[in-house]
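Step one of this worksheet: look at the structure below.
The values are calculated or read from the model by the stated rules, or taken from the named source; none is laboratory data. Everything quoted here is computed from the prediction, not taken from an experiment. We place every Cβ from the backbone using ideal geometry, glycine too, and count neighbours over all the protein chains shown. Only protein heavy atoms, including side chains, enter the accessible area calculation; ligands, DNA and RNA are left aside. Shrake-Rupley method; radii C 1.70, N 1.55, O 1.52, S 1.80 Å.
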Amino acid sequence: MYTRQNQKNLTSAQRKRFVAAVLELKRNGTYDEFVRTHDRYFVPDDEDGLRVGHMSPSFFPWHRRYLLDFERALRDLDPTVSVPYWDWTTDRSPASSLWGEDFMGGTGRGPDRKVDTGPFAHDRGNWEITVGVTEARYLTRNLGRPHKPITLPTAEELKWAIDEPAYDVSPWDSRASGSFRNKLEGWARNGAERWSNHNKVHQWIGGHMTGGTAPNDPVFWLHHAFVDLIWDRWQARHPGSGYLPAAPLDRWDRQRGRVLTRDDPMPPWNVTPAQLMSHKGIYRYEV
Amino acid sequence: MRPYPTRCNPRTAAAVLTRRAVLRTVFTAGVVSATAAALAPVFRSRRTVAPAATPGPRPAPLFEETYRGRHISAAPAADGSRGGLDVRIDGRPLHVMRRADGSYLSGVNHFESFDSPLDLARAAVDELGSVRLAAAPAHHG
């Protein structure tokens, strides 16, 4: 049993060890396999295929297992390391220590969006992008999206999602309304705001984080550790609610075979959402 | 993948709309679920049929313009892929996908969608800055 800490509480030595383990996964090729996996499993909800990672109820369990795999790879290298979480409702500024020289590095300043500070700056020689949709071989970011400014989700916006008692609801995709999953994933409209929570964080960071190869940016893991923690908070807030759909969908349901019910095996691991409801005994979150 | 966006092929658009209208009528009439089950495959098959290749010259572009110094264009996709559209930035293909609500997503913007291919292409340019798309983009498996 180990602890995932709030990134703002990491000591300088812990930051250094986390970064060193990530750089080693990059060096030995493991890291880019993770990037490919995320991209491969992004299936939009207009398509007929099975959606596991996005626009579907298994958004939470899929990313939980994905992060666990990544964390296991890190801990094989250094058993003192775990994935820290970034609470974007409190650490809201590009000047936050999250984006410090010894941790994630800062934004991409020029028109080329190139991150040129911190351990993941291309010029340091340790962070070559090999999986992406652009020519950029360097990590890109655009914090706060200056050409069309946005702000990170607020505590109030997060509460709007967590207060929702229904885990998910038909049509089980990006159109679902009254769905905790869709309010947190962020396709659900929040008042005047078209996007929310998880999606908005990807947009706020910009660069690689807005695409299917988002894990090219190591902050991806810190963002999704917080998403994972939010699932815990929702469970604690609604002890009577559980993963939906719980039972196989009706024969005529157009989402049958396109989303996972609680006991369906989830690719690429063949574990069920039910098996990932709890992480008790594996890790806990620092509060 | 969807066939062409309805606006670029009036004949297809009319056919799709007619079929939609028929289905809507059937569903709203409250016909027994057995009928719905029988129709469901028909309804879904529309989504998977690739449009036939159009003989003759390339289809006229839906739009073509210079936006923030970048050349952006969209035309119906010849092979029915990329969400039915061939969107390009400075001649390089932008991967296009659709959401269930009909809006557009791109390889550059996976976490927000856009009402039109033009909005999609402009948003990609905004996000790219001066970065060029790859000549052969990564594909979803």
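Among the residues of segment B:66-88, are any at pLDDT 95 or above and among the acidic types (Asp, Glu)?
No, every residue in segment B:66-88 fails to be at pLDDT 95 or above and among the acidic types (Asp, Glu).
Taking segment A:209-219 as the search range and keeping residues that are assigned to a helix (DSSP H, G or I) and facing chain B (nearest Cβ under 10 Å), which one is nearest to A:Ser58 (Cα to Cα)?
Applying the filter and picking the extreme gives A:Ala214.
If the requirement is being open to solvent by less than 10 Å² (accessible area, probe 1.4 Å), in contact with a helix residue (DSSP H, G or I) (Cβ under 9 Å, 6 or more places away or on another chain) and not acidic (Asp, Glu), which of these qualifies: A:Phe34, A:Phe60?
A:Phe60
Select from segment B:109-119 the residues that are more than 7 Å from chain A (Cβ to nearest Cβ), open to solvent by 10 Å² or more (accessible area, probe 1.4 Å) and under 22 Å from A:Met209 (Cβ atoms) and list them in ascending order.
Those that are more than 7 Å from chain A (Cβ to nearest Cβ), open to solvent by 10 Å² or more (accessible area, probe 1.4 Å) and under 22 Å from A:Met209 (Cβ atoms): B:Phe114, B:Asp119.
Using the structure shown, decide if A:His54 is open to solvent by less than 10 Å² (accessible area, probe 1.4 Å) and closer than 28 Å to B:Arg99 by Cβ.
yes
Mind telling me which of the residues A:Ala225, A:Ala274, A:Ala247 ends up being among the small types (Gly, Ala, Ser) and within 20 Å of A:Ala155 (Cα to Cα)?
A:Ala225
May I ask you to verify whether A:Arg181 is away from chain B (no Cβ under 14 Å) and either at negative phi or not aromatic (Phe, Trp, Tyr) (or both)?
In short, yes.
Quick check on my filter: what residues within segment A:238-261 are closer than 15 Å to A:Ser170 by Cβ, surrounded by 16 or more Cβ atoms within 10 Å (Cβ to Cβ) and away from every other protein chain (no Cβ under 14 Å)?
Answer for segment A:238-261, where residues must be closer than 15 Å to A:Ser170 by Cβ, surrounded by 16 or more Cβ atoms within 10 Å (Cβ to Cβ) and away from every other protein chain (no Cβ under 14 Å): A:Tyr243, A:Leu244, A:Pro245, A:Leu260, A:Thr261.
Select from segment B:98-108 the residues that are crowded, with 24+ Cβ neighbours inside 10 Å and over 15 Å from B:Ser73 (Cβ atoms) and write down the one among them that is nearest to the chain's Cα centre (by Cα).
B:Leu105
Can you list the helices (runs of 4 or more DSSP H) lying wholly within segment A:1-113 that have 1 or more residues being closer than 19 Å to A:Thr140 by Cα and within 14 Å of chain B (Cβ to nearest Cβ)?
Hits in segment A:1-113: A:30-40.
Could you please give the count of residues in segment A:103-148 that are at pLDDT 95 or above, within 13 Å of A:Thr210 (Cβ to Cβ) and of a type in the set (Lys, Arg)?
3
For the structure I just gave you, tell me whether A:Pro146 is free of Cβ contacts under 8 Å to residues at least 40 places away in the same chain and either assigned to a loop (DSSP other than H, G, I, E, B) or open to solvent by 10 Å² or more (accessible area, probe 1.4 Å) (or both).
yes
Specify which of the listed residues (A:Ala13, A:Ala73) is without any contact (Cβ under 8 Å) to a residue 40 or more places away in the chain and surrounded by fewer than 20 Cβ atoms within 10 Å (Cβ to Cβ).
A:Ala13
Output the residue which, of all residues in segment A:156-187 that are farther than 19 Å from A:Pro61 by Cα and either touching a Leu at 6+ places or on another chain (Cβ under 7 Å) or without any contact (Cβ under 8 Å) to a residue 24 or more places away in the chain (or both), is surrounded by the fewest Cβ atoms within 10 Å (Cβ to Cβ).
A:Glu156
Only one of these conditions is not met by A:Leu222: (1) at the interface with another protein chain (Cβ under 10 Å from one of its Cβ atoms); (2) in contact (Cβ under 8 Å) with a residue 60 or more places away in the chain; (3) buried (at least 23 other Cβ atoms within 10 Å of the Cβ). Which number is it?
For A:Leu222, the exception is condition (1).
Does A:Gly186 satisfy the criteria of being facing another protein chain (nearest Cβ under 10 Å) and small (Gly, Ala, Ser)?
yes
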